[in-house]
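Student: Quick one: structure below, then a few questions.
The values are calculated or read from the model by the stated rules, or taken from the named source; none is laboratory data. These figures come from a predicted structure and were not determined experimentally. A quick note on method: Cβ atoms are made from the backbone with ideal geometry, for glycine too, and the neighbour counts reach across all protein chains shown.
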Amino acid sequence: MSKRLPEIDAVLDGMARRLADTIDDSLDAPLMVGIRTGGAWIAERLHERLSLKEPLGMLDIAFYRDDFSHVGIDPMVRPSHLPVDLEGRDIILVDDVLHTGRTIRAALNELFDYGRPASVKLAVLIDRGGRELPVQADIVGAELHLVQGEHVKLQGPEPLSLEVRSDVDG
Amino acid sequence: MDRANLQLDSAGNLRHFLSIDGLKRALLVELLDTAESFAEVTEREVKKVPLLRGKTIVNLFFESSTRTRTTFELAAKRLSADVVNINVPASAATKGESLLDTLRNLEAMHCDMFVIRHPDSGAAHFIARHAAPHVSIINAGDGRHAHPTQAMLDMFTIRRHKKTFQQLIVAIVGDVSHSRVARSQIHALSTLGVQEIRAIAPRTLLPVEAARALGVHVYHDMREGLCNVDVVIMLRLQYERMQGGMLPSEHEYYRLYGLTEDKLSHARDDVMVMHPGPINRGVEIDSAVADGPRSVILQQVSHGTAVRMAVMSRAMQRSIATTPSAKEPL
């Protein structure tokens, strides 16, 4: 059972074009923030394509996950890094795969612990459906229709590739 | 069940934090890495993460302490736990049944973690052995035995400055025989693989055979012992634990073992000076050194919160058998 997976560079080009339009229309000196690890890889590439002036920020949501009591802290947790003050700033939050919405919930909570941004836009490489929270992305690179038990994972950092796995396949 | 196993669950994860002895290097490194992430949290506008929301942590102190208790309290609050501080005067506390009664009462109040300081060596292990399955015990200092979170914050401070442990020569100076801090530091330093650990002290304050058994090189002269060291850790003279005749006089001790700029000049140029506090100025260390450019004593205090956040959160995570796919989608 193989899915037709989108070509990542082409998807990133499309996302960058739409983000550029959004920035021109409504954002002032936006700060791009990637969610580790996959979202950070995507954010690095978008940041470069858009030649954004502000340095790239990174969030590690390990301390904000809602499943700590089940799975504990990711042993690979690294410090989050936001290079500039968030207060009153437009944020572009970037992740690789939008699924249940729980990662984005955690990331928003973490962002607000740094200050009160003026706005937050969400850009994701893949929207695979399956939301459990009312979260939607502003910029979606590609949609992927997966059934329950299937997972899409971004492999990286160099080169980036998408991989679909099924729990049933083992 | 031996002491090392008591700290770990069946999957090898931290369950209690009682002593460094018996913990593997990978686990210590993981704690230091986690503490780096928490250190970043303590620099934010909102210095708090929701990890231990809904958990209750009891600071159970049978021995007085300001710094350690405060940093444990701050650490718990920054993890969003509820904190209760209980100070039991040493005179009112007796061993055995009453300690267990205290534990049972607190367990009945649905507390999840006990941070324990006690004048008797082995008190934290004793409590951990009898604690309910859902309760974690953190040793905040027991008698002369161990003070593992202090040792970990010292390791964190060393790693921040020196990056790696492998090439380092570390000297621990002073009252080694009464020091639970020294014992935990020696275990941590050797587990993390430093090149050499030295202990410098008068014969009356240093159990030479015990130190050698731990792989420590023993010196009785400061100038010899400090030669080429990268890190000097000064210990507080623990008057409260000493019997008469162990020290000639404070003045004599300072002349021989007090850390002064002159004695420090035998160490490497980039030597860092540490002290677990509280400092006896002019007894074990000169004020000019304690407040000088090579002192990291206040940094140790700052790092205490982040390191204790790491220890507490790691010990609170229950190992529930999870498949890899259960961990991924979120």
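Student: Tell me, yes or no, whether region B:302-309 has at least one residue that is within 27 Å of residue B:49 (Cα to Cα), modelled with pLDDT under 95 and within 23 Å of the chain's Cα centre (by Cα).
Tutor: Quick first cut of region B:302-309, residues within 27 Å of residue B:49 (Cα to Cα) only: B:302-309.
In the following step, the residues that additionally are modelled with pLDDT under 95 were identified as B:302.
From the residues that got through so far, the ones that are within 23 Å of the chain's Cα centre (by Cα) too are B:302.
Yes, because at least one residue in region B:302-309 is within 27 Å of residue B:49 (Cα to Cα), modelled with pLDDT under 95 and within 23 Å of the chain's Cα centre (by Cα).
Student: Here is a further query. Considering only residues that are more than 9 Å from chain A (Cβ to nearest Cβ) and in contact with a Gly (Cβ under 6 Å, 6 or more places away or on another chain), which ones fall in region B:4-57?
Tutor: B:4
Rundown of residues vs (1) of a type in the set (Gly, Ala, Ser); (2) in the same structural domain as residue B:307 (by TED's automatic domain parsing); (3) more than 22 Å from the chain's Cα centre (by Cα), yes/no style:
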site	(1), (2), (3)
B:40	no, yes, no
B:44	no, yes, yes
B:54	yes, yes, yes
B:57	no, yes, no
B:61	no, yes, no
B:68	no, yes, no
B:76	yes, yes, no
B:82	no, yes, yes
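Student: Taking region B:108-137 on its own, how many of its residues are over 20 Å from residue B:73 (Cα atoms), under 17 Å from the mean Cα position of the chain (by Cα) and assigned to a helix (DSSP H, G or I)?
Tutor: Result for region B:108-137: 2.
Student: So which residues in region B:299-310 are within 12 Å of another protein chain (Cβ to nearest Cβ) and within 14 Å of residue B:57 (Cβ to Cβ), if there are any at all?
Tutor: The initial filter retains those residues of region B:299-310 that are within 12 Å of another protein chain (Cβ to nearest Cβ), namely B:306, B:309-310.
Matches in region B:299-310: B:309 only.
Student: Could you please tell me which pairs satisfy a Cβ distance under 8 Å, a separation of 6+ or placement on different chains, a first residue in region B:197-209 that is in the same structural domain as residue B:179 (by TED's automatic domain parsing), and a second residue that is of a type in the set (Asp, Glu)?
Tutor: Once the first residue is in the same structural domain as residue B:179 (by TED's automatic domain parsing) and sits in region B:197-209, its partners that are of a type in the set (Asp, Glu) give B:200/B:221; B:201/B:175; B:205/B:175.
Student: Could you check region B:58-82 and list, in sequence order, the residues that are away from chain A (no Cβ under 12 Å), of a type in the set (Ser, Thr, Tyr) and outside any helix (DSSP H, G or I)?
Tutor: Passing the criteria: B:64, B:65, B:66.
Student: Also, quick follow-up: Among the numbered conditions (1) part of a helix (DSSP H, G or I); (2) at pLDDT below 95; (3) touching a Lys or Arg at 6+ places or on another chain (Cβ under 8 Å), tell me where residue B:263 comes up short.
Tutor: So the condition that residue B:263 fails would be (2).
Student: Which condition number does residue A:112 fail, the rest of (1) free of Cβ contacts under 8 Å to residues at least 12 places away in the same chain; (2) of a type in the set (A, V, I, L, M, F, W, C); (3) in contact with a Gly (Cβ under 7 Å, 6 or more places away or on another chain) being met?
Tutor: Looking at each condition in turn, residue A:112 falls short on (3).
Student: Among the candidates B:108, B:123, which residue alone is free of Cβ contacts under 8 Å to residues at least 24 places away in the same chain and at negative phi? Break it down into steps so the answer makes sense when it comes.
Tutor: Numbers: B:123 fails: free of Cβ contacts under 8 Å to residues at least 24 places away in the same chain.
Unique residue meeting the criteria: B:108.
Student: May I pose another question? Just to verify a result, which residue in region A:96-121, among those that are under 11 Å from the mean Cα position of the chain (by Cα) and facing chain B (nearest Cβ under 8 Å), is nearest to residue A:82 (Cα to Cα)? Let's see the steps before the verdict.
Tutor: From region A:96-121, those under 11 Å from the mean Cα position of the chain (by Cα) are A:96-99, A:101, A:103-104, A:107, A:121; that's our starting set.
Within this subset, residues satisfying the condition of being facing chain B (nearest Cβ under 8 Å) are A:99, A:103.
Details: A:99: 25, A:103: 18 Å.
Ranking the qualifying residues of region A:96-121, first place goes to A:103.
Student: Among the residues of region A:40-49, is any under 27 Å from residue B:306 (Cα atoms) and either at pLDDT below 95 or in contact with a His (Cβ under 8 Å, 6 or more places away or on another chain) (or both)?
Tutor: Looking only at region A:40-49, we keep the residues that are under 27 Å from residue B:306 (Cα atoms), and these are A:40.
With the extra rule that they be either at pLDDT below 95 or in contact with a His (Cβ under 8 Å, 6 or more places away or on another chain) (or both), the set shrinks to none.
No; the residues of region A:40-49 include none that is under 27 Å from residue B:306 (Cα atoms) and either at pLDDT below 95 or in contact with a His (Cβ under 8 Å, 6 or more places away or on another chain) (or both).
Student: Something else about it: Can you say whether residue B:140 is assigned to a helix (DSSP H, G or I), in the same structural domain as residue B:31 (by TED's automatic domain parsing) and within 23 Å of the chain's Cα centre (by Cα), as far as the supplied structure shows? Walk me through how you get there before you give the answer.
Tutor: Working: assigned to a helix (DSSP H, G or I): no; in the same structural domain as residue B:31 (by TED's automatic domain parsing): yes; within 23 Å of the chain's Cα centre (by Cα): yes.
The answer is no for residue B:140.
Student: Do we have residue A:126 as away from chain B (no Cβ under 12 Å), over 20 Å from residue A:66 (Cα atoms), of a type in the set (A, V, I, L, M) and touching a Gly at 6+ places or on another chain (Cβ under 8 Å) here? So that I can check it myself, show each step before the final result.
Tutor: Values: away from chain B (no Cβ under 12 Å): yes; over 20 Å from residue A:66 (Cα atoms): yes; of a type in the set (A, V, I, L, M): yes; touching a Gly at 6+ places or on another chain (Cβ under 8 Å): yes.
Yes, satisfied.
Student: Are any residues in region A:57-95 away from chain B (no Cβ under 11 Å) and either closer than 16 Å to residue A:27 by Cα or surrounded by fewer than 17 Cβ atoms within 10 Å (Cβ to Cβ) (or both), and if so, which ones?
Tutor: A:83, A:84, A:88, A:89, A:90, A:91, A:92, A:93, A:94
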